[in-house]
Each structure stands twice: as C-alpha cells, then as structure tokens.
C-alpha cells in the first residue's frame with residue numbers, strides 16, 4: 001500500500017483543484033450586499049420549464065434511437081454511429097450557427113416553418129430546440145451503452161416465457177438499463193440547463209439563467225451575477241446529483 | 001412428440017427426433033446441439049415441426065439455456081412468477097407452490113446471485129414450468145456444476161423433470177447424463193445419426209461416428225478370418241477377436257472394430273493375443289492401461305477399482321473382450337454396415353459400459 005500512496009496524493013490534489021472554484025464562490029460572494037437584478041426570477045422559471053420540456057423530447061425520441069443503435073447490426077452502421085456523434089463533437093457556438101443556418105428566419109427550413117406559424121428564432125420554441133440539440137447526443141450515447149449492457153439472452157428468456165417484445169422491454173430491459181438511463185438523464189439535464197453557446201445564437205430571448213448571467217455581467221458587473229449563480233446551482237444540481245449518486249451505488253442484486 | 005427441424009445458420013442442420021420422457025441430445029461441442037434447441041424455441045430462424053414459424057412468445061416451450069439466465073433484478077420467486085398473470089398475491093402463491101415442489105421454498109426471497117449452481121437450475125426449471133410448457137429444452141445442464149455435487153444436482157433435476165410429466169430435450173456432451181436418459185439421440189454431421197434407449201445405443205452404435213460420440217476409444221481396422229457358430233473371428237493387427245456381426249460377413253471382409261476401454265479385461269486367457277503394456281495411468285480408483293500388439297495396434301483398457309494393479313511397463317499381457325462388446329463397422333466413409341438395423345444379437349450381458 002505504501003508504494004501506491006503517491007497515487008492518493010495526486011488524486012487528492014485533483015479533487016482540491018476540482019472543488020476550488022466552488023470554494024472560491026463561497027468566499028467571494030458579497031453575502032450582505034447581494035440582491036436580484038430585474039428579470040432574474042423570470043430567467044429561473046424559463047430555464048426550469050423549458051429544460052423539462054426539452055428533456056421530455058430528448059427521452060421520447062432519443063430512447064428508441066439509443067435502443068436501435070444498441071440492438072441492431074447492419075452494414076454501414078459505422079456511418080450511423082458517426083452521425084450520432086457529430087452533434088456531440090461540434091463546439092456549441094458552431095452548433096448554434098448551424099441551427100441558425102437551417103432554422104433561422106432565412107434558413108431553408110426556417111422560412112417555410114415560419115410561414116406555417118412556427119418561428120424558430122428568439123422564441124420559446126427556439127430555446128427548447130437549442131437545448132434539445134445540446135442535450136440529446138449525451139443522452140443517446142449514455143442510453144445506448146446502458147442498453148448494450150443488458151444481456152440479450154435475458155430479453156430472449158422473457159420472450160420464451162411468453163412475454164411479447166413490449167413487455168420484455170418494460171420488465172427486463174428497462175429495469176436492467178435503468179441506472180444507465182438515469183445517468184444519461186442527469187447528463188442531459190445539466191447540458192440542457194447550462195446550454196449557452198447554442199442558445200446564445202438561436203434564442204437570445206427568452207433568457208434562461210446562462211444568458212441572463214452573461215447580460216448581468218455585461219450590464220452591471222461581477223456583483224450582479226452572484227444571486228443568480230447561487231440559484232442556478234440550487235436549481236440545477238439536485239436532480240443530476242441524485243441520479244448520479246443512484247447510478248454510482250451498487251445495485252442490490 | 002415428433003420433432004423435425006432444418007436450419008442453415010449458423011450451421012446446416014436437418015434433425016429428426018422422437019421425444020419421449022427425458023431425451024438426451026448427445027454431440028460434441030459445435031455439432032449444433034444448442035442451435036437445434038434455440039431453433040425449436042424460435043430464437044434462431046429455422047423451419048420445422050412443431051411450432052415452425054410461430055413467434056417465440058407463443059411457443060409452449062420451457063427453455064433453460066446454459067447458465068440458466070435468471071433475471072438478476074428479480075428475486076427467486078419473482079423469477080418464477082415472471083410468466084404468471086394475475087394479482088401479486090396469486091402470482092406469489094403459485095410461484096411458491098412451484099418452488100415447493102422442487103424443494104426450493106426456502107430460497108423464495110433470495111437474489112439469484114445468492115444461490116448455488118444446482119439451485120439456479122431448479123429455479124430456472126420452476127420458472128419454465130410456470131408457463132405450462134409442452135416441451136422442456138435444457139442446454140448443457142451439467143456443464144457449470146461443481147463436480148462434487150454434480151450427481152446429486154442431476155438427480156434432483158431429473159426428479160423434478162420426471163415429476164412434471166413434461167417431455168424434455170437435453171443437449172449434452174456428458175456421456176454420463178446420456179446413460180440416465182429415457183432416450184439418447186446422437187447428433188453428428190448435421191443430423192441425428194442414431195436414437196434409442198441408452199442400453200440400445202451403447203450396446204450397438206450404428207457407425208464409427210456414433211461409437212466415437214459414445215466415448216469408445218479403441219477403433220481399428222480388422223479382417224474377418226471365419227465363422228464360429230453365431231460369431232466371427234477377426235484379425236486386428238495380430239490380435240484374434242471374436243464378435244457377433246450384425247449381418248452375414250464373408251471371409252476376408254474388411255471391417256473396423258470399436259471396443260470401449262471399459263469392456264476390455266486384462267487376463268491371461270482366451271480372446272486376444274500377447275500385448276505389451278506401454279503406458280499406465282491411475283484414474284481415481286480405476287486404472288487405464290495402454291497395450292500395444294506386435295503389429296502396432298494400441299488398445300486402451302479401463303480396469304475397474306478392484307482389478308489387479310501390479311502390472312509393470314513392458315509386461316506381456318493378453319486382453320479379453322466379451323464378443324458382444326466388439327462393434328463391427330464397414331470400412332467405408334460413414335462406417336455403417338449396410339442394413340445393419342438394430343437386430344438384437346445373442347447378447348445376454350447388458351450393453352452398457354461397466355460403471356467405472
């Protein structure tokens with residue numbers, strides 16, 4: 001054990017470095033002079049409400065795709081794999097620009113949609129769209145590996161025991177992939193909530209917490225961001241923290 | 001129940017079987033035993049009877065794969081109740097009843113990882129029986145068992161299966177399991193080459209492939225010298241052997257002989273010529289001897305526990321084999337003597353190898 005002690009020291013150092021900014025926040029917050037800026041509370045409700053909405057969309061469409069990627073083998077699957085990785089690898093600002101090109105007022109998809117009444121610039125719909133693009137790849141990649149971790153044999157056993165494919169999914173695949181799906185959900189929540197780059201380009205309004213932090217900083221200086229920063233952590237962290245801890249725990253079985 | 005299945009993937013197979021009671025499908029690894037079972041369960045594409053083309057979930061089979069595949073996220077009783085419908089209370093009570101019949105009621109609230117290999121198998125059996133199958137399919141039930149408790153586990157499993165009254169097809173490469181079956185089917189080259197009671201099959205394997213599957217290690221060319229009543233006399237590399245031929249064999253017929261090591265006794269008498277002891281090995285209480293004739297034919301003999309064991313390497317010995325244990329095959333590729341059938345010979349001794 002003594003030989004490995006330097007490993008612990010390096011690990012401890014990494015932990016300290018990771019936590020340092022949060023400790024810094026605790027120290028530098030001007031607790032007595034702190035007050036909200038106009039629009040801060042609205043930004044919180046915008047973030048929470050639309051993040052929930054984006055998450056529902058991500059789960060409803062991402063779960064079948066993740067399952068399909070995990071279970072189906074075919075020629076050219078590598079290509080599909082690459083396509084799902086593209087939005088994950090694109091820098092957020094670049095992703096925002098791409099979305100503006102497609103869904104913007106003069107975009108090749110944005111213009112016809114606008115005529116149909118669906119405006120995808122600076123609207124709540126555009127905000128949710130940006131969040132979906134930011135969060136979906138993380139959910140899909142995590143959910144896919146969660147599904148891949150479920151032995152196929154167990155799904156087949158469920159079939160031989162007289163359960164149809166749908167029941168087999170709910171009674172075997174879903175519970176066994178559950179922890180992985182939960183951590184995918186946690187990741188997606190954090191990504192959607194904190195999304196700045198894509199949102200900045202596509203939906204400057206309505207303002208969620210990240211953009212509002214940015215405008216507060218621009219308009220009133222550093223002191224103006226503290227209250228919203230604290231609220232951001234209070235609102236954003238409990239869900240992923242709970243799901244993350246849940247998925248870290250050894251399953252009972 | 002009659003079973004006839006054909007499949008192309010992962011290997012070509014065309015297997016016909018008659019299932020009564022406990023049938024062991026015996027074949028070497030890779031011969032397609034598992035594939036046949038999976039095709040019958042509907043998990044591999046195949047054509048045949050019964051239930052050809054039915055979706056997996058509608059086939060009334062109970063499938064126990066190698067390793068049992070219990071659901072790790074469900075307790076033992078929940079595993080058994082998986083196929084059951086109704087209220088939680090009804091499902092629990094039916095599951096408990098099934099577990100009780102297999103002597104497992106005490107394990108109901110355990111997780112699958114907390115029980116032994118033999119218990120896993122009986123739980124998997126209870127789970128399969130819960131859906132009231134018309135056929136049980138078991139894949140290598142003895143492969144993962146602890147050798148010490150193996151016989152007891154097989155015994156309990158067999159009792160459970162027999163009590164359920166459901167016919168079972170059991171894939172195995174364990175000759176011991178085959179001896180316990182109601183019927184043995186030998187699978188080789190993509191088809192069932194022989195099926196019958198263990199006594200029949202062990203007494204008279206239909207060809208060389210069947211003999212090899214049954215673990216018969218001494219297979220050598222021989223020539224017919226002449227008749228002695230119902231028996232023929234053979235020359236096998238200088239050894240004189242007598243055998244009961246399944247059909248009329250003329251003088252100078254070229255044949256192959258197959259003799260189980262258990263059927264050979266080392267004695268200074270009768271049937272066989274002088275041989276040299278070239279190797280010996282203890283196998284538990286038994287001993288295995290390798291004996292070589294002057295012409296270079298090597299015979300393995302597995303001697304029972306109480307046999308004399310003071311032989312020395314280089315000793316000149318004679319072997320004796322009861323004629324009914326000398327199996328004769330033609331020298332063609334498939335090794336079957338045409339129209340051999342299963343005509344019972346004059347044998348009075350049991351055809352099974354002597355227990356080791």
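Remarks
- Residue that is nearest to the other protein chains (Cβ to nearest Cβ) [pool: residues in region B:128-141 that are in contact (Cβ under 8 Å) with a residue 60 or more places away in the chain and in a helix (DSSP H, G or I)]: B:128
- Of the residues making up region B:79-98, not a single one is more than 17 Å from residue B:132 (Cα to Cα), surrounded by 22 or more Cβ atoms within 10 Å (Cβ to Cβ) and over 28 Å from the mean Cα position of the chain (by Cα).
- At least 1 residues being closer than 19 Å to residue A:171 by Cα is the threshold, and among the helices (runs of 4 or more DSSP H) wholly inside region B:1-114 those reaching it are B:76-80, B:88-101.
- Residues that are in the same structural domain as residue B:66 (by the TED database), within 20 Å of residue B:30 (Cα to Cα) and either more than 16 Å from the chain's Cα centre (by Cα) or crowded, with 23+ Cβ neighbours inside 10 Å (or both) occur in region B:154-170; there is at least one.
- Complete set of residues in region A:53-73 that are without any contact (Cβ under 8 Å) to a residue 24 or more places away in the chain and closer than 13 Å to residue A:131 by Cα: A:56
- Residues of region B:52-66 that are more than 8 Å from chain A (Cβ to nearest Cβ), under 27 Å from the mean Cα position of the chain (by Cα) and free of Cβ contacts under 8 Å to residues at least 60 places away in the same chain: B:52 alone.
- Every residue from region B:4-37 that is on the phi < 0 side of the Ramachandran plot, surrounded by fewer than 19 Cβ atoms within 10 Å (Cβ to Cβ) and touching a residue at least 60 places away in the same chain (Cβ under 8 Å): B:11, B:12, B:14, B:16, B:18, B:20, B:28, B:29
- If you go through region A:201-214 and keep only what is part of a helix (DSSP H, G or I) and more than 14 Å from residue A:47 (Cβ to Cβ), you end up with A:201, A:202.
- Matching residues in region B:67-98 - criterion: being more than 13 Å from every other protein chain (Cβ to nearest Cβ) and closer than 20 Å to residue A:176 by Cα: B:77
- Scan of region B:142-159 for residues that are closer than 20 Å to residue B:80 by Cα and without any contact (Cβ under 8 Å) to a residue 12 or more places away in the chain, ordered by number: B:159
Okay, residues lined up against (1) exposed (fewer than 14 other Cβ atoms within 10 Å of the Cβ); (2) at pLDDT below 95:
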site: A:31; (1), (2): yes, yes
site: A:34; (1), (2): yes, yes
site: A:56; (1), (2): yes, no
site: A:60; (1), (2): yes, no
site: A:71; (1), (2): no, yes
site: A:86; (1), (2): yes, yes
site: A:104; (1), (2): no, yes
site: A:110; (1), (2): no, yes
site: A:113; (1), (2): no, yes
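- The lone exception for residue B:106 - which of (1) closer than 24 Å to residue B:93 by Cα; (2) surrounded by 17 or more Cβ atoms within 10 Å (Cβ to Cβ); (3) away from every other protein chain (no Cβ under 14 Å) it fails: (2)
- Any hit, region B:316-326, residues being surrounded by 13 or more Cβ atoms within 10 Å (Cβ to Cβ), in contact with a strand residue (DSSP E or B) (Cβ under 6 Å, 6 or more places away or on another chain), modelled with pLDDT under 85 and not in a strand (DSSP E or B): no
- Residue among B:49, B:101 that is away from every other protein chain (no Cβ under 13 Å), surrounded by fewer than 23 Cβ atoms within 10 Å (Cβ to Cβ) and either modelled with pLDDT of 95 or more or in contact with a strand residue (DSSP E or B) (Cβ under 6 Å, 6 or more places away or on another chain) (or both): B:49
- Looking only at residues in region B:57-68 that are closer than 10 Å to residue B:139 by Cβ and touching a helix residue (DSSP H, G or I) at 6+ places or on another chain (Cβ under 7 Å), the one that is modelled with the lowest pLDDT is B:68.
- Residue B:266, sole failed condition from (1) in contact with a helix residue (DSSP H, G or I) (Cβ under 6 Å, 6 or more places away or on another chain); (2) at negative phi: (1)
The values are calculated or read from the model by the stated rules, or taken from the named source; none is laboratory data. Just so you know, these numbers come straight off a predicted model, no measurement behind them. Because the Cβ atoms are built from the backbone with ideal geometry, glycine has one as well, and the counts that use them run over all protein chains shown.
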